[in-house]
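First the structure, in the form of structure tokens, and then the observations on it.
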Amino acid sequence: MLYFYQPKTSEGVFHLMDDEYQHCVKVLRKKVGDEIGIFDGLGMDYHAVIKAITGKSCAFEITKKTALEPRPFYNHIAIAPTKNTDRIEWFVEKACELGVDEISFVLTDNCERNKMRTERLEKKAVSALKQSKSGFLTKINPLIKLKDFLKADLKGQKFMAVVEPDLPYLTNELKSGQTIITLIGPEGDFSKEEVSTAVNVGFQKVSLGKNTLRTETAGLMAAHCVNVINEY
């Protein structure tokens, strides 16, 4: 079953348009009568049959719908954007495939990029949704200053991955079945002031291992650690 994304299916919108239409009709050459799957990104899995195709849209009829069970934990990664756009796009794609629920981008003192657009990253999230068949679309948040991010009312276990000796490993501190927020810094790491501010609002400093990791690798490692503790 090949899946497509229509976020308003539950509201009665039974057609694909724009990128999803192009992928379905122009790339995959789907025809009237073909069966397809539809995700709304909110946990509903629809089976459908294509009923009509025009020059701009592809209408479908729902034949079956299933409510997918959400995972019993929530994984939120807050990460500094990399200078190279391809690297952050790679991170978003893989993190979404792993089921990260929310990704925030934070502007830090040592950040290599102070502006970014999220449109392409949101498309990566949709692609990962269809690839992984998780049923739940990862929330992509725009770039925000770290100090403003830390002022938010963040609930759950809060961790900050930093390069310091003798820190506990993230995997040893995680508790299953909770909201986990992990801060990932830039290549130059967080500044001392940023670490102090984060600790003062409840973040715990942790290590992601002995090796020094690139930003996007560290983000993926954190995502994997949360999955390991909660799913295996």
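The values are calculated or read from the model by the stated rules, or taken from the named source; none is laboratory data. This structure is a prediction, so every number in the text was calculated from the model and none was measured. Cβ: placed from backbone, ideal geometry, glycine included. Neighbour counts: every protein chain shown. Please note that ligands, DNA and RNA were not included when accessible areas were found on the heavy atoms of the full protein model with its side chains. Shrake-Rupley method; radii C 1.70, N 1.55, O 1.52, S 1.80 Å.
Brief remarks on what is shown
- Between the listed residues Ile144, Gly188, Leu129, the Cα displaced farthest toward the positive end of the dipole of segment 125-207, a dipole computed from Cβ unit charges relative to the Cα centre, is found at Leu129.
- Extended-chain gain in nm, criterion 0.36 nm per residue less alpha-carbon gap, Thr118 and Asp34: 26.9 nm
- Cα Rg over Rh - segment 55-141, Kirkwood: 1.07
- Across the chain, the relative contact order, built from alpha-carbon pairs under 8 Å that are at least six residues apart, equals 20 percent.
- Förster radius 30 Å - calculated FRET efficiency between Lys26 and Lys147, Cβ distance, rounded to 0.05: 0.05
- Each 5 Å bin from 0 upward holds the following percent of the Cα-Cα pairs of segment 1-128: 2, 9, 18, 18, 15, 13, 11, 8, 4, 1, 0, 0.
- Overall dimensions of segment 1-74 by Cα: Rg and Dmax, Å: 12.4, 42
- Length released on extending from Thr63 to Leu42, taking residue separation times 0.36 nm less the Cα-Cα span: 5.7 nm
- Relative contact order (percent, whole number), segment 64-185, Cα cutoff 8 Å, 6+ residue spacing: 34
- Point-to-point label distance, Leu154-Ser10, nm (Cα→Cβ direction, 7 Å offset): 2.8
- Measuring nothing but protein heavy atoms, the accessible surface of segment 132-232 at 1.4 Å probe radius is 50 percent carbon and sulfur.
- Mean accessible surface per residue for segment 64-154, computed with a 1.4 Å probe while every protein chain stays in place, in Å²: 54
- Summing charges over all other residues whose Cβ lies under 14 Å from the Cβ of Lys51, with Lys and Arg as +1 and Asp and Glu as -1, gives -1.
- The chain, helix-only ellipticity at 222 nm - DSSP H runs n ≥ 4, -39,500 (n - 2.57), divided by all residues, nearest 500: -8500 deg cm²/dmol
- Aspartates and glutamates whose Cα lies under 20 Å from that of Lys124, excluding same-chain neighbours fewer than 8 positions away: Asp18, Asp19, Glu20, Asp40, Asp45, Asp86, Glu89, Glu93, Glu97, Asp101, Glu102, Glu216
- Estimated inter-spin distance, Met17 and Glu102, nm [label 7 Å along Cα→Cβ]: 2.9
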